Each structure stands twice: as structure tokens, then as C-alpha cells.
Amino acid sequence: MTIARYTVFGNPIAHSKSPQIHQYFAQQEHVQIQYTRSLVAHTPEAFQAALKDFFEQGGQGANVTLPFKVMAYEYADQLSEQACTAGAVNTLIRQQDGTLRGDNTDGIGLVHDLTHTYQLNLNNKRILILGAGGAARGIIAPLLAHQPNNITIANRSHAKAQQLAQQFNIHAATFTKLSGSFDVIINATSGSLNAEVPPIPHQLFANCQMAYDLFYARHATAFMQTAAQYGAAQTADGLGMLVCQAAQAYTLWRGFQPETASVIAALRKEMIA
Ligand code: NDP
């Protein structure tokens, strides 16, 4: 019996939880898979060579993480609508004819976490996105698909928020001039890495049902702590998004849809142990 082979390409990659997550999924499907971490030098040539090598040797699918998501987008033979909108690929699927299809499951992962894990109905909600980088770009279309009342995007470099606002027909604002009321506030900045919270008016958290940080860590992030302190009803980090985007990738590769809640719980337990 040949064991199906998958990998995640990144740099750095040693920290990646993807192998562990996909082994949980394989257990649910009652199959054996091989899922490795692939550290690749940060050049387009090295990335292309690593992809070629992996798929020529029988690899069936791959995840792609920083800093290669845009390179994967450029390299893929075909692209899903999600990948086109996001301008980035986090999942590569080898097709029957050997070509590579690129998809992006990050946004669907976030939406699945919000709507399934946290049972949040996004319909008619007022949503605020902080940050306008790759992750923010990838989550807008899947959020819009749930027909929120409106989406506002704010970013440190205002021009980037304005550009995304124009592309997706949503509102743009600056951090400090934000006003109004938001049901869901999503932190898609990378500030959490250094415990930096975007300087938005704290009263915005008072009416907020969910303050969600895409970043995840052992303990509540500075953004989650600030949100809770100023009245957010619920806070969450991006561990669930990570598991849910992986589940969507697994489904694309294998046609089997893993259950995510138990995997999120298992990872959380290991993280705080
Ligand atoms: P990018 O580098 O593409 O974008 C970073 C964004 O953060 C930019 O909008 C940048 O603003 C902003 N930013 C950086 N530092 C600060 C700061 N100190 N204060 C305010 N804004 C800041 O990163 P990604 O979009 O790829 O990732 C964003 C976050 O999402 C990361 O924390 C990442 O770990 C997380 N993520 C989580 C995933 C998950 O599965 N849970 C999946 C993907 C990402 P500017 O434009 O002004 O530079």
C-alpha cells in the first residue's frame, strides 16, 4: 500500500503545527498519511525546485506558509476563485494530469471557526477588520459571502486599507478615527507578535460580540486582553482558524471532511500543558 504524501513549505517551518493537525484528520478518516515539514530557502528558484521535486516524487498535496504564499500563487497552473481574490495560495492540489491547482483556505477557515466553533451568525453583522496584509485580503470575500450588514477595514498604512476597500466595495477608516459600532472586530495585523494592539478607540469593544485575533499563542493575546477589559462579550485567537483552514485543505486533497472542534481542543490542551 502506498501512503499518500503531503508537506508544508515555509521558512521558518519548525514551529508548524500542520503535520500534527493533519495526522489528527487522518486518524478520523482511518487512513495513514505522511505529512512532513519542508524548509525552503527564501528565493523563487529554491521554492520552485522544492515544489517540482516534491510533486515529481509522488507528493499529492502541499500547504504553503510564509513567505511563499504569493510565489505559490504565481507558480500554480490553475487557481481557485478564492486564490485569485486573495492573490495568494496556501494549498496546492496535484490534479490527475499532474498539474497543480492553487487554492486559499485561510478565509474559509476563519469563517468556519466563527460560524461553527463559536456559533456566530455573520448575517447582518457590522464587521471591523484591522490590518490590510495578506491575511486580511484573504478573509474579506468569505466574510462577504455571509452577507454582513457592512465591513470596515482599517490599517496602519491607510492607502492599503483604501485599496482593499475599493476592490471589495467595503468601507475604509484609520485606526484612531474609527467610530460607530461593530459586532465583530477581527485583528488581522501582525502586531500581536510583539504584543502591540492597534490604537483603536477602546469604547468600540463595549458593543462588540466577538473580538477575534488571527494570531494565536499559549495565552490570550494583548488584543484579546484589551478587548475583554473594555467590554467585548467574547474573545478568540486564531488557533481555530488554523485548524479549520487545514480541514478545508484536507477536504480538497482527499474528499474527506474532518471534524475540527476536537482537534482544536486537543491542540489547545497541548499548548497550555
Ligand atoms: P502581513 O505581513 O501580510 O500583514 C501585516 C499587517 O499587520 C499589515 O496590515 C501591517 O500594517 C499590520 N501591522 C504590522 N505591525 C503592526 C503594528 N505594530 N500595529 C498595527 N498594524 C501592524 O501579515 P499577514 O496578513 O500574513 O498576517 C497577519 C496576522 O495574521 C499574523 O499575526 C499571522 O500570524 C496571522 N495569521 C493567522 C492565520 C491562522 O491560521 N490563524 C493565517 C494567516 C495569518 P502595514 O500595512 O501598515 O504595514
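The values are calculated or read from the model by the stated rules, or taken from the named source; none is laboratory data. All values reported here derive from a predicted model rather than from experimental measurement. When we count neighbours, we look across all protein chains shown, and the Cβ atoms used for this are built from the backbone with ideal geometry, even at glycine.
Checking each residue in the range 244-264 for being of a type in the set (D, E, K, R) and either without any contact (Cβ under 8 Å) to a residue 24 or more places away in the chain or assigned to a helix (DSSP H, G or I) (or both) picks out only Arg254. If the condition is being under 21 Å from the mean Cα position of the chain (by Cα), among the hydrophobic types (A, V, I, L, M, F, W, C) and not in a strand (DSSP E or B), then the range 163-185 contributes Leu164, Ala165, Phe168, Ile170.
Here is the figure for the range 186-232: residues that are at pLDDT 95 or above, away from the ligand (no atom under 14 Å from the Cβ) and not in a loop (DSSP other than H, G, I, E, B) total 11. For the range 92-124, the tally of residues that are out of contact with any Gly (no Cβ under 7 Å at 6 or more places or on another chain) and either closer than 18 Å to Ile139 by Cβ or surrounded by fewer than 17 Cβ atoms within 10 Å (Cβ to Cβ) (or both) stands at 23.
Residues considered: Leu144, Leu164, Leu122. Of these, the only one that is in contact with a strand residue (DSSP E or B) (Cβ under 8 Å, 6 or more places away or on another chain), within 14 Å of the ligand (Cβ to nearest atom) and modelled with pLDDT of 95 or more is Leu164.
Taking the range 107-131 as the range and being charged (D, E, K, R) and in contact with an Asp or Glu (Cβ under 9 Å, 6 or more places away or on another chain) as the test, the residues that pass are Lys125, Arg126. Contact map, the range 142-158: residues that are farther than 13 Å from Val184 by Cα and in a strand (DSSP E or B) paired with residues that are polar (S, T, N, Q) and within 14 Å of the ligand (Cβ to nearest atom), Cβ distance under 8 Å, separation 6+ or inter-chain. Pairs shown: Ala154/Thr174. Each residue in the range 125-141 was checked for being within 16 Å of the ligand (Cβ to nearest atom), of a type in the set (D, E, K, R) and surrounded by fewer than 24 Cβ atoms within 10 Å (Cβ to Cβ), and 0 of them qualify. So in the range 240-260, with the set limited to residues that are touching a helix residue (DSSP H, G or I) at 6+ places or on another chain (Cβ under 6 Å) and among the hydrophobic types (A, V, I, L, M, F, W, C), which one is farthest from the ligand (Cβ to nearest atom)? Out of the qualifying residues, it is Phe256.
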